[in-house]
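The values are calculated or read from the model by the stated rules, or taken from the named source; none is laboratory data. No experiment lies behind these values; they were computed from the predicted model shown. Because the Cβ atoms are built from the backbone with ideal geometry, glycine has one as well, and the counts that use them run over all protein chains shown.
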Amino acid sequence: MFFKLLKYDLKSIYKSILIIDIVMILACGLTLGTANTRFKNDIILGILGMTTSFIIIGAIVVYFYTILKRYSKSIYGNEGYLLNTLPVKPWEIVLSKIVSAIIMGILTLLCGILCIFIFFMSVNIHISDIIYLFNYYGYNIFLSLLLFGFMCVLATIVEIIKIYAVISIAHISIFDRFRVIFGIVLYFIIMQLESLFIEFSFGNILYNFDNLTELTQASELLSSFNMYNIASIIYCIVMGIIWYFISVTVINKKLYVK
Amino acid sequence: MANIVEIKNLSKSYGKKSVLKDISFTIAEGQIVGLFGPNGSGKTTLLKTMAGLLKEYSGDLKIDNENIGIHTKSVISYLPEKTYFDKNMTAKNAISIFKDFYADFNEEKARNMLIDLSLSETQKIGTMSKGMQEKLQLIMVMSRDAKLYMLDEPLGGVDPASRDYILDTIIKNYNEKSSILLSTHLIHDVERIFDKALFIKNGTIVLNEYVDIIREDKGMSIDELFREVYK
């Protein structure tokens, strides 16, 4: 049943996200095309660059808006009358939403990376220059950046799961009359509590990371950076599991489809 | 005859407001039961709780001898009063969903009913009128070979010309082991089909009786009794 749910979740979100992803690539392509023609001039390139940046931001906004709206509407809105009466388990419902968001997120991310490369080509920064940069500073920095990139992707996924949990909590019947305000306030309270927790739990690593200038050796700097990334990845995994179970528990025990 | 629905002391509140108060009743296999009551009496809340859309309640609620969960959802075919399909979907997509998730869904029956009620398989649901959307949902729900059909105001937005077809569809498409719990305001139009009547008032069952007994003992139709009870 999980894969059937995933199929319908993807069907319901792919169109709007795919359209903005294609627009994003086309806009970058246009920038590159203009940069290589005789119409090339700094003002036109500047305008195209700005437009492309806005479209990339737009793609991210459309992505988040689509997946969060779908989650809220399909579980707690009118469509919840269908979804919550299907013979499927609550964990399957939440997991299918998360996996479909990850799939479309990875697609948007890949399109975004492609756009960045196209943009580099437009302003005459070549991939070989970047590779040379990595070679110059050594292989370790590449691995560190890879770890950092993975941490960022994981943090984004956990952020989505966290917002899913907040939406679920805000839909409990006792918050019915002020659910939107409650959801927003709850989200910011959670953010504050999390930053306090991070400060007290692995603040020492953060301290080293914040004071990079005091670390003279490159290897110390890198190991501090890696430690921070590893700690963040562990924290993200733990929090992701907690937020996931909160979302499932609300559907299991406190479901209220208005 | 075994009971498909067994409810004991069911209570449900929204905050401090008590909507269902200590409700108890049973529905036997093969019975068609009418659920009647004015607006806000608790009919929809009762059906939603039975369908598994409202989780916080007290009391004992068993359908096909099981608590609300995967099994009860697989044996209940529930028609809510809200339209629940995504507006970008078509009837064809709706058939595909029901076929994928319900083992008891009869695709051929659904397609035939779509033709009978002049609904296109390829028209987007968002472009259909409310009545057409309600007809589509009813077709999907009645195309299942479920043990219990729960229909919340199935005739509400449907034109009078289609009501008889829909009533006939409901009667024709359930087998003798299936039961129907149907809530409606249009008692006069549907009272011919019921075996039993449940009257609900302010969240409490005020009458739970066989229709034949109501007619014999009180000498009234359900419609007339409804007007007397709720006047």
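Can you tell me which residues in the range B:10-26 are away from chain A (no Cβ under 14 Å), out of contact with any Lys or Arg (no Cβ under 8 Å at 6 or more places or on another chain) and more than 20 Å from A:K253 (Cβ to Cβ)? Once the filter is applied, which keeps residues that are away from chain A (no Cβ under 14 Å), out of contact with any Lys or Arg (no Cβ under 8 Å at 6 or more places or on another chain) and more than 20 Å from A:K253 (Cβ to Cβ), the range B:10-26 yields B:K21, B:D22, B:I23, B:F25, B:T26. Suppose the filter is touching a His at 6+ places or on another chain (Cβ under 9 Å) and not basic (K, R); does B:I213 pass it? Considered against the rule, which asks whether it is touching a His at 6+ places or on another chain (Cβ under 9 Å) and not basic (K, R), B:I213 comes out as no.
Can you tell me which residues in the range A:234-258 are farther than 30 Å from B:L53 by Cβ and either free of Cβ contacts under 8 Å to residues at least 60 places away in the same chain or surrounded by 16 or more Cβ atoms within 10 Å (Cβ to Cβ) (or both)? Once the filter is applied, which keeps residues that are farther than 30 Å from B:L53 by Cβ and either free of Cβ contacts under 8 Å to residues at least 60 places away in the same chain or surrounded by 16 or more Cβ atoms within 10 Å (Cβ to Cβ) (or both), the range A:234-258 yields A:I234, A:Y235, A:C236, A:V238.
Do the conditions hold for B:E134, that is, is it away from every other protein chain (no Cβ under 11 Å) and either surrounded by fewer than 16 Cβ atoms within 10 Å (Cβ to Cβ) or within 23 Å of A:D9 (Cβ to Cβ) (or both)?
Numbers: away from every other protein chain (no Cβ under 11 Å): yes; either surrounded by fewer than 16 Cβ atoms within 10 Å (Cβ to Cβ) or within 23 Å of A:D9 (Cβ to Cβ) (or both): no.
So B:E134 fails the test.
Applying the criterion of being loosely packed, with under 12 Cβ neighbours inside 10 Å and among the hydrophobic types (A, V, I, L, M, F, W, C) to the residues of the range A:123-151, the residue that is modelled with the highest pLDDT is A:L146.
The rows are residues; the columns are (1) touching a Leu at 6+ places or on another chain (Cβ under 8 Å); (2) of a type in the set (A, V, I, L, M, F, W, C); (3) at pLDDT below 90; (4) exposed (fewer than 15 other Cβ atoms within 10 Å of the Cβ).
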| residue | (1), (2), (3), (4) |
| --- | --- |
| A:A165 | no, yes, no, no |
| A:H171 | no, no, no, no |
| A:I174 | no, yes, yes, yes |
| A:R179 | no, no, yes, no |
| A:F182 | no, yes, no, no |
| A:F188 | no, yes, no, yes |
| A:E194 | no, no, yes, yes |
| A:I198 | yes, yes, yes, no |
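For the range B:100-110, the set of residues classified as within 10 Å of another protein chain (Cβ to nearest Cβ) and surrounded by fewer than 17 Cβ atoms within 10 Å (Cβ to Cβ) consists of B:D100, B:A103, listed by residue number.
In summary, B:K177 fulfils each of the numbered conditions (1) buried (at least 16 other Cβ atoms within 10 Å of the Cβ); (2) charged (D, E, K, R); (3) under 17 Å from B:T26 (Cα atoms) with the single exception of condition (1). In the range B:58-72 there is at least one residue matching the filter, namely being surrounded by fewer than 17 Cβ atoms within 10 Å (Cβ to Cβ), touching a Leu at 6+ places or on another chain (Cβ under 8 Å) and among the hydroxyl-bearing types (S, T, Y).
Pairs are defined by a Cβ separation below 7 Å, a sequence spacing of at least 6 or placement on different chains, a first member in the range A:163-190 that is within 13 Å of A:Y256 (Cβ to Cβ), and a second member that is assigned to a helix (DSSP H, G or I) and among the polar types (S, T, N, Q); the pairs so defined are A:I167/A:S72; A:S168/A:S247.
Considering only the range A:36-50, I want to know if a residue exists there that is of a type in the set (S, T, Y) and more than 25 Å from B:M89 (Cβ to Cβ).
Kept after step one, since they are of a type in the set (S, T, Y), are these residues of the range A:36-50: A:37.
If we keep only those that are more than 25 Å from B:M89 (Cβ to Cβ) too, we end up with A:37.
Within the range A:36-50 (the criterion being of a type in the set (S, T, Y) and more than 25 Å from B:M89 (Cβ to Cβ)), the answer is yes, since at least one residue qualifies.
For B:E121, the test of being in contact (Cβ under 8 Å) with a residue 12 or more places away in the chain, farther than 28 Å from B:E29 by Cβ, of a type outside the set (A, V, I, L, M, F, W, C) and surrounded by fewer than 17 Cβ atoms within 10 Å (Cβ to Cβ) is passed. Within the range A:30-51, the presence of a residue that is crowded, with 20+ Cβ neighbours inside 10 Å, under 23 Å from A:T156 (Cα atoms) and either of a type in the set (A, V, I, L, M, F, W, C) or under 21 Å from the mean Cα position of the chain (by Cα) (or both) is excluded.
The rows are residues; the columns are (1) in a helix (DSSP H, G or I); (2) free of Cβ contacts under 8 Å to residues at least 12 places away in the same chain; (3) not polar (S, T, N, Q).
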site	(1), (2), (3)
A:N78	no, yes, no
A:L82	yes, yes, yes
A:T85	no, yes, no
A:V94	yes, no, yes
A:K97	yes, no, yes
A:I102	yes, no, yes
A:L109	yes, no, yes
A:I113	yes, yes, yes
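If you go through the range B:80-99 and keep only what is free of Cβ contacts under 8 Å to residues at least 24 places away in the same chain and either more than 13 Å from chain A (Cβ to nearest Cβ) or not hydrophobic (A, V, I, L, M, F, W, C) (or both), you end up with B:K82, B:N93, B:S96, B:K99.
Mind checking whether some residue in the range B:33-46 is in contact (Cβ under 8 Å) with a residue 12 or more places away in the chain, out of contact with any Cys (no Cβ under 7 Å at 6 or more places or on another chain), within 14 Å of chain A (Cβ to nearest Cβ) and not in a strand (DSSP E or B)? Yes, the range B:33-46 contains a residue that is in contact (Cβ under 8 Å) with a residue 12 or more places away in the chain, out of contact with any Cys (no Cβ under 7 Å at 6 or more places or on another chain), within 14 Å of chain A (Cβ to nearest Cβ) and not in a strand (DSSP E or B).
On the basis of being surrounded by 14 or more Cβ atoms within 10 Å (Cβ to Cβ), within 14 Å of another protein chain (Cβ to nearest Cβ) and over 20 Å from the mean Cα position of the chain (by Cα), does B:S77 make the cut?
On the way: surrounded by 14 or more Cβ atoms within 10 Å (Cβ to Cβ): yes; within 14 Å of another protein chain (Cβ to nearest Cβ): yes; over 20 Å from the mean Cα position of the chain (by Cα): no.
No.
Suppose we filter A:I118, A:I113 for residues that are in contact with a helix residue (DSSP H, G or I) (Cβ under 8 Å, 6 or more places away or on another chain), of a type outside the set (K, R) and at pLDDT below 90; which single one remains? Lay out the reasoning, then the answer.
Working: A:I113 fails: in contact with a helix residue (DSSP H, G or I) (Cβ under 8 Å, 6 or more places away or on another chain).
Exactly one residue qualifies, and that residue is A:I118.
If you go through the range B:172-210 and pick out every residue that is aliphatic (A, V, I, L, M) and without any contact (Cβ under 8 Å) to a residue 24 or more places away in the chain, you end up with 2.
Considering only residues in the range A:60-81 that are surrounded by 22 or more Cβ atoms within 10 Å (Cβ to Cβ) and under 12 Å from the mean Cα position of the chain (by Cα), the one that is farthest from the other protein chains (Cβ to nearest Cβ) turns out to be A:Y63.
A search for C-beta distances below 9 Å between a residue of the range B:213-228 that is surrounded by 13 or more Cβ atoms within 10 Å (Cβ to Cβ) and any residue that is polar (S, T, N, Q), counting only pairs 6+ apart in sequence or on different chains, returns B:I214/B:S221; B:R215/B:S221.
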